[in-house]
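Each remark here refers to the structure printed beneath this line.
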There are 2 protein chains.
Amino acid sequence: MHVPSCPPQDDVLVIGGGIIGLVTAWRAAQRGLRTAVVDPSPGAGAAHVAAGMLAAVTELQYGEQTLLELNLASARSYPTFAEELTEATGLDLGYRPCGTLAVALDADDRAAMRELHAFQLTLGLASEWISGRDCRRLEPMLAPGVRGGLRVDGDHQVDPRRLATALLRACERAGVVFHRDSAERVTVDGDRVRGAVLRDGTALAAEQTVLAAGSRSGTVAGLPEHVLPPVRPVKGQVLRLRIPRAYAPFLSRTVRGVVRGGHVYLVPRENGELVVGATSEELGWDTEVTAGGVYELLRDAHDLVPGITELPLAEALAGLRPGSPDNAPLLGPTALPGLLLATGHHRNGVLLTPITGDAMAEALTTGELPPYARPFTPARFATAPQEQAV
Amino acid sequence: MHVPSCPPQDDVLVIGGGIIGLVTAWRAAQRGLRTAVVDPSPGAGAAHVAAGMLAAVTELQYGEQTLLELNLASARSYPTFAEELTEATGLDLGYRPCGTLAVALDADDRAAMRELHAFQLTLGLASEWISGRDCRRLEPMLAPGVRGGLRVDGDHQVDPRRLATALLRACERAGVVFHRDSAERVTVDGDRVRGAVLRDGTALAAEQTVLAAGSRSGTVAGLPEHVLPPVRPVKGQVLRLRIPRAYAPFLSRTVRGVVRGGHVYLVPRENGELVVGATSEELGWDTEVTAGGVYELLRDAHDLVPGITELPLAEALAGLRPGSPDNAPLLGPTALPGLLLATGHHRNGVLLTPITGDAMAEALTTGELPPYARPFTPARFATAPQEQAV
């Protein structure tokens, strides 16, 4: 039987309206591509929970130097990106070039942090070791026991909820069409992805389809196994405290530390919010706020900054990071024509939003990732289709 | 000028629709008195936050033997009271005769608890000292470090939110009239209270007015200083965890303990809720949930029952107990004719609800408190009006 070929409705269909999907859609639309986004509630997702640290240097891990380059490049572009997005929407992102102080509480923490510092210096990163006394001079609310820390004046913050709201408006203003529903499955016709079918039955056709469904990107129906991204949910619990005027500013920069081996950070926002995060739990799709998660965050934050006990606790939330095997994102074209990925950003989704938008727009218009994004091609995890059967 | 005397609209006007005001109104209406309640949202108030322990024995404090008698009498009447209220409304109160286990974590706790036990025995109370091993046999989730505890099989629990809802319905069915507004001031005419004026300007006249406004009872306008009850707000923060079916029953009775000098309790409800309480803070009208309050509760509860970390945290709330100088309620007629009090129940509002209803109904119909309630007359705090001027 001959199926008449209809012209696709869109140039680009983005599955997932979190910050990564939205920035991809915005940048694609700016390049003249007819773009649509599928999401039951665009602008929600992990960004609603995230703290918004732009911590390329203080989040550095051994073995992640390739990712570091991408993180640094995205961090450098943040001021311009924020300005452009604000200009396009009239919305402020809460971008705050406040710097970060990473502190050590005991001798072990200090030893580990000095090693990290040496590693940072070999990579040419701007990071200064300062004494405990100097830490407290910068941030008087720090615990008396702080033994020293790394002052990183280049690690900033943005408000992820405002970022999501602004991206949503930028998309709308750039003519992006929103389908407020879930993608039931991706449509594969012959050897090519042709779009997606929504839960309500609507079939959407597109020249190129971008899978940007965060932690759920690996579960989308319709795709052959070998192109499904190896993305898993990594649960994070986060608290929002409020800094009453009498205590303001409380902290003047992001403060983070290792407490009993666990990472904790406190991000003070201009609006008087203090975000405390985050747990990192491999529990599948569970998004419950637990007594243990909240306890651990409060205990560790209290060890770093005892005065938090006085602050009202406004909110406790859990979200799912899209974790990938090497903690780096999967960007650009896949082995299946017509299908691109923009997912797996793990802890760095907010930080990598600007550069993801640029890289994806480039891939969507030229068919190729720009050089700086090529190490993040999904091909690095590729298994040949026939291997699946072995 | 001659003011024509109008017949009062009601026999009894109750200011405050918390559980104490409601039980007073219900019992008054049952005795044939035309009764009205003034409250912007009846059934809310401190009961919405309270854990609902009926802990006459385990809450015993030195020097509170008089209050103990009242507490025990009310505890004894709870089964009949709950049955009667359920019969009147069709609503279950979550009354659960589950007993209480009060445990000690360290040698100091154990010494203090053994002293309390000796005191309980001199008063003839049913309380059994059991070993740490026996504690864990009763409640396997207890921390390995528990050194022993008091098994009090007569200290039970009720669900205060269900209690409030049932009392509200019982009042409605008994013909109590509700004015959903705040009392702007009490009306004093000559030497007698005549009712109250609402915030919307409505004047309500009544033969007798009962002030049952919880922690706000001392702030009501219109009353001369010397009859205002010496009641202050005592802030309590409480958490509600959820026991997933896989962990049920988790605890089979109320577990409480002293941890680093602070009291903490865990009340497992039949509906799968686990209430963890409570802080006790003298902070005026502040009802903020704070990082410190939640931290302290989770830390202390975790020390008693480490497994709470796995439980979802459903709710964190703060409420205000109506504290009185001797931690006992103020019940019955005041020095000002037409004005009665039913307030100052502090930690024992839920426990004392049945007996408060009985005592107040007696006072409203006969003009005198029954013998068991007489020690709680407001007169015990009375200062003569002229002394105010000295």
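The values are calculated or read from the model by the stated rules, or taken from the named source; none is laboratory data. None of the values given here were measured: they were computed from a predicted structure. Quick reminder, even Gly has a Cβ in these numbers, built from the backbone with ideal geometry, and neighbours come from all protein chains shown. Accessible surface areas use protein heavy atoms only, side chains included; no ligands, DNA or RNA. Shrake-Rupley method; radii C 1.70, N 1.55, O 1.52, S 1.80 Å.
Identify the single condition in (1) at pLDDT 95 or above; (2) not assigned by TED's automatic domain parsing to the domain that holds B:VAL14 that B:LEU116 does not satisfy, given that it satisfies every other one.
(1)
Taking A:ARG192, is it more than 30 Å from A:PRO268 (Cβ to Cβ) and of a type in the set (Lys, Arg)? Break it down into steps so the answer makes sense when it comes.
On the way: more than 30 Å from A:PRO268 (Cβ to Cβ): yes; of a type in the set (Lys, Arg): yes.
Answer is yes for this residue.
Taking A:ASP153 as the residue in question, decide whether it is of a type outside the set (A, V, I, L, M, F, W, C) and at pLDDT 95 or above.
Working: of a type outside the set (A, V, I, L, M, F, W, C): yes; at pLDDT 95 or above: yes.
Criteria met by A:ASP153.
Please verify whether B:ALA373 is within 26 Å of B:SER74 (Cα to Cα), in contact (Cβ under 8 Å) with a residue 24 or more places away in the chain and not acidic (Asp, Glu), treating the condition exactly as stated.
yes
Criterion first (away from every other protein chain (no Cβ under 14 Å), open to solvent by 10 Å² or more (accessible area, probe 1.4 Å) and assigned to a helix (DSSP H, G or I)) does B:ASP326 satisfy it?
Numbers: away from every other protein chain (no Cβ under 14 Å): yes; open to solvent by 10 Å² or more (accessible area, probe 1.4 Å): yes; assigned to a helix (DSSP H, G or I): no.
No: the conditions fail for B:ASP326.
Can you name every one of the strands (runs of 3 or more DSSP E) wholly within region A:153-256 that holds 2 or more residues which are in contact (Cβ under 8 Å) with a residue 12 or more places away in the chain, within 30 Å of B:ALA314 (Cβ to Cβ) and open to solvent by 40 Å² or more (accessible area, probe 1.4 Å)? Walk me through it before giving the result.
Values: elements: A:177-179, A:183-189, A:192-198, A:203-211, A:232-242.
Filter on region A:153-256 gives A:232-242.
Go through (1) acidic (Asp, Glu); (2) within 14 Å of chain A (Cβ to nearest Cβ); (3) assigned to a loop (DSSP other than H, G, I, E, B) one by one and return the number of the condition B:GLU270 breaks.
So B:GLU270 meets the others, but not (2).
Kindly evaluate A:ALA363 against the criterion of being in a helix (DSSP H, G or I) and within 26 Å of A:LEU72 (Cβ to Cβ). Quick ask: steps written out before the conclusion?
Numbers: in a helix (DSSP H, G or I): yes; within 26 Å of A:LEU72 (Cβ to Cβ): yes.
Yes: the conditions hold for A:ALA363.
Kindly check whether there is at least one residue in region B:85-104 that is crowded, with 16+ Cβ neighbours inside 10 Å, among the hydroxyl-bearing types (Ser, Thr, Tyr) and not in a helix (DSSP H, G or I).
Our first condition is that a residue be crowded, with 16+ Cβ neighbours inside 10 Å; within region B:85-104, this holds for B:85-86, B:88-89, B:91, B:93-96, B:98-104.
Then drop every residue that is not among the hydroxyl-bearing types (Ser, Thr, Tyr), which leaves B:86, B:89, B:95, B:100.
When the remaining residues are screened for being not in a helix (DSSP H, G or I), the result is B:95, B:100.
Yes, region B:85-104 contains a residue that is crowded, with 16+ Cβ neighbours inside 10 Å, among the hydroxyl-bearing types (Ser, Thr, Tyr) and not in a helix (DSSP H, G or I).
Inspect region B:299-320 for any residue being away from chain A (no Cβ under 14 Å), among the hydrophobic types (A, V, I, L, M, F, W, C) and not in a helix (DSSP H, G or I) and give the result as yes or no. Spell out the reasoning first.
To start, the set of residues in region B:299-320 that are away from chain A (no Cβ under 14 Å) comprises B:319-320.
Pick out the ones that are also among the hydrophobic types (A, V, I, L, M, F, W, C) and you get B:320.
In the following step, the residues that additionally are not in a helix (DSSP H, G or I) were identified as B:320.
Looking through region B:299-320, at least one residue is away from chain A (no Cβ under 14 Å), among the hydrophobic types (A, V, I, L, M, F, W, C) and not in a helix (DSSP H, G or I).
Within region A:8-32, can you find the residues that are out of contact with any Lys or Arg (no Cβ under 9 Å at 6 or more places or on another chain), assigned to a loop (DSSP other than H, G, I, E, B) and over 18 Å from A:ASP159 (Cβ atoms)?
Once the filter is applied, which keeps residues that are out of contact with any Lys or Arg (no Cβ under 9 Å at 6 or more places or on another chain), assigned to a loop (DSSP other than H, G, I, E, B) and over 18 Å from A:ASP159 (Cβ atoms), region A:8-32 yields A:ARG31, A:GLY32.
Tell me which residues, restricted to region B:52-81, are farther than 24 Å from B:ARG380 by Cα, crowded, with 21+ Cβ neighbours inside 10 Å and either assigned by TED's automatic domain parsing to the domain that holds B:ARG380 or out of contact with any strand residue (DSSP E or B) (no Cβ under 9 Å at 6 or more places or on another chain) (or both).
B:PHE81
So for region A:16-23 (the condition being in the same structural domain as A:ARG347 (by TED's automatic domain parsing), at pLDDT 95 or above, β-branched (Val, Ile, Thr) and over 15 Å from the mean Cα position of the chain (by Cα)), does at least one residue qualify? Before you say what the answer is, go through the steps one by one.
Filtering region A:16-23 down to residues in the same structural domain as A:ARG347 (by TED's automatic domain parsing) leaves A:16-23.
This time we only want the ones that are at pLDDT 95 or above, so: A:16-23.
From what is left, the residues that are β-branched (Val, Ile, Thr) are A:19-20, A:23.
From the residues that got through so far, the ones that are over 15 Å from the mean Cα position of the chain (by Cα) too are none.
No, that holds for no residue.
Taking the condition of a type in the set (A, V, I, L, M), under 22 Å from B:ASP358 (Cα atoms), assigned by TED's automatic domain parsing to the domain that holds B:LEU13 and touching an Asp or Glu at 6+ places or on another chain (Cβ under 7 Å), does B:LEU93 pass? Give the derivation first.
Numbers: of a type in the set (A, V, I, L, M): yes; under 22 Å from B:ASP358 (Cα atoms): yes; assigned by TED's automatic domain parsing to the domain that holds B:LEU13: no; touching an Asp or Glu at 6+ places or on another chain (Cβ under 7 Å): yes.
No: the conditions fail for B:LEU93.
Quick one: in region A:273-294, of everything that is among the aliphatic types (A, V, I, L, M), out of contact with any Ser or Thr (no Cβ under 6 Å at 6 or more places or on another chain) and open to solvent by less than 50 Å² (accessible area, probe 1.4 Å), which residue is farthest from the other protein chains (Cβ to nearest Cβ)? Full working, then the answer.
Narrowing region A:273-294 to residues among the aliphatic types (A, V, I, L, M): A:274-276, A:278, A:283, A:289, A:291, A:294.
With the extra rule that they be out of contact with any Ser or Thr (no Cβ under 6 Å at 6 or more places or on another chain), the set shrinks to A:274-276, A:278, A:283, A:289, A:294.
Retained after the next criterion (residues that are open to solvent by less than 50 Å² (accessible area, probe 1.4 Å)): A:274-276, A:278, A:289, A:294.
On the way: A:LEU274: 9, A:VAL275: 12, A:VAL276: 8, A:ALA278: 15, A:VAL289: 5, A:VAL294: 6 Å.
Here the residue is A:ALA278.
Looking only at region A:143-152, which residues are buried (at least 24 other Cβ atoms within 10 Å of the Cβ) and not in a strand (DSSP E or B)?
Result: A:VAL146, single match.
Taking the condition of being part of a loop (DSSP other than H, G, I, E, B) and either within 30 Å of B:THR165 (Cβ to Cβ) or free of Cβ contacts under 8 Å to residues at least 40 places away in the same chain (or both), how many residues in region B:105-128 meet it? It would help to see each step written out before you state the result.
Keep residues of region B:105-128 that are part of a loop (DSSP other than H, G, I, E, B), which gives B:105-106, B:123-127.
Narrowing the set further to residues that are either within 30 Å of B:THR165 (Cβ to Cβ) or free of Cβ contacts under 8 Å to residues at least 40 places away in the same chain (or both) leaves B:124.
Number of matching residues: 1.
With (1) assigned to a loop (DSSP other than H, G, I, E, B); (2) over 30 Å from A:VAL238 (Cα atoms); (3) open to solvent by 10 Å² or more (accessible area, probe 1.4 Å) as the list, and B:LEU351 as the residue in question, which single condition is left unmet?
For B:LEU351, the exception is condition (3).
Given the options B:VAL37, B:VAL57, name the one that is assigned to a loop (DSSP other than H, G, I, E, B) and β-branched (Val, Ile, Thr).
Details: B:VAL37 fails: assigned to a loop (DSSP other than H, G, I, E, B).
Answer to the check: B:VAL57.
Residue by residue through region A:234-272, note down the ones that are closer than 18 Å to A:PRO140 by Cβ, among the aliphatic types (A, V, I, L, M) and touching an Asp or Glu at 6+ places or on another chain (Cβ under 7 Å).
Selection gives A:LEU251, A:VAL255.
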